[in-house]
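Quick notes on the structure that follows.
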Amino acid sequence: MSVPAFNAYGVWAIYSFEMARALRTIWQSLVTPVITTSLYFIVFGAAIGSRMSQVGGVSYGAFIVPGLILLSLFTQSIFNGSFGIYLPRFVGTIYELLSAPVSPLEIVLAYVGAAATKSIVLGLVILGTASLFVSIHVVHPFWMIAFLVLTSVTFSLFGFILGIWSKNFEQLQIIPMLVVTPLTFLGGAFYSIDMLPPTWRAVAYADPVVYLISGFRWSFYGTADVRVAISLGATLAFFFACLVIVSWIFRTGYRLKS
């Protein structure tokens with residue numbers, strides 16, 4: 001039995017279409033998050049930075065940079081990943097996609113790859129924007145890129161799942177707005193978990209976002225709230241869990257064929 005050839009042209013066609021859509025909505029995709037990041041620096045720098053000079057030996061302005069990047073990365077990865085696959089379902093072109101000579105793996109590679117690419121570019125742009133406000137030194141650049149890519153791919157994959165699960169545009173916003181964003185704010189994006197009282201510190205460790213932010217911050221400054229191996233393991237666990245769910249969706253046709 002012959003193995004079907006990888007349809008690189010089909011993957012590139014879907015990928016290019018998704019990237020072109022991002023360029024058509026450049027204000028929403030790139031400019032708005034950059035403006036939001038700048039406002040965070042102005043507000044937090046004025047309100048908190050003046051009262052908290054350093055956190056773990058790092059200036060407060062520089063300390064919040066990894067958290068700000070991931071805050072935008074989480075929301076934009078989910079939005080890009082979910083909207084990309086939800087739109088064909090909404091307008092009915094999903095059936096043309098499913099009947100095209102592209103495999104489920106190729107569909108996921110194209111949509112998730114495009115969403116992750118946009119998120120990675122956004123993360124780097126925000127990093128560049130942050131460097132205009134504070135001095136940033138990345139201690140482990142390889143691991144910074146690795147965490148950035150892995151987080152972007154993982155949450156784009158999670159967004160892909162949400163795009164298939166959602167029945168309307170309102171449901172696309174439920175998880176990012178009511179779950180992911182609050183967990184990010186409570187997960188140490190703007191403070192160190194060590195600053196919390198023991199009881200709240202124990203509660204914070206139940207937040208999975210803590211491990212993602214901690215690992216990413218370690219790549220910048222070499223300090224972390226939890227062990228880096230645990231942070232990497234938590235991110236990989238979420239990634240593989242999303243892969244299992246996507247595999248089940250295509251195997252059963254859940255909300256794809258009805």
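Values quoted throughout were computed directly from the atomic coordinates according to the rules given, and no laboratory measurement underlies them. Predicted, not measured: the structure shown is a model, and the values here were computed from it. Glycine gets a Cβ as well: all are built from the backbone with ideal geometry, and neighbour counts include every protein chain shown.
Springs between alpha-carbon pairs under 10 angstrom, Gaussian network model over the chain: which of 214, 82, 59 fluctuates most?
Ranking 214, 82, 59 by mean-square fluctuation puts 59 first.
Between residue 9 and residue 252, what length comes free when the chain is fully extended (0.36 nm per residue of separation minus the Cα-Cα distance, one decimal in nm)?
84.9 nm
Rounding to the nearest 10 and keeping the result within 0 to 90°, find how far the Cα-based axis of helix 104-130 lies from the longest principal axis of the chain.
Result, in degrees: 30.
Could you please state, rounded to a whole Å, how far the C-alpha centre of the stretch 52-116 is from the C-alpha centre of the stretch 173-194?
Distance between centres, Cα-based: 16 Å.
Points 7 angstrom from Cα along the Cβ direction at residue 199 and residue 87: gap in nanometres?
According to this spin-label approximation, the distance is 4.8 nm.
Using +1 on the beta carbon of Lys and Arg, -1 on that of Asp and Glu, and nothing else charged, what's the dipole of the chain about the Cα centre, debye to 20?
220 debye
Taking the chain as a Gaussian network, where each spring joins two C-alpha atoms under 10 Å apart, which residue of 224, 110, 204 fluctuates the most?
204
Enumerate the calculated ³J(HN,Hα) couplings along the stretch 161-167 in order (Karplus 6.51 cos²θ - 1.76 cosθ + 1.60, θ = phi - 60°), each rounded to whole Hz, writing x wherever the residue is Gly or Pro.
5, 5, x, 7, 6, 5, 9
As a check on your grasp of the helix formula, calculate [θ] at 222 nm for the chain: sum -39500 (n - 2.57) over DSSP H runs of n ≥ 4, divide by the residue count, round to the nearest 500.
The helix contribution divided over the chain gives -22500 deg cm²/dmol.
Classify the stretch 90-233 from the C-alpha gyration tensor, please: rounded if a/c falls under 1.5, else prolate or oblate depending on whether a/b exceeds b/c.
In terms of gyration-tensor shape, prolate.
Between residue 229 and residue 38, what is the label-point separation in nm under the 7 Å Cα-to-beta-carbon projection?
4.4 nm
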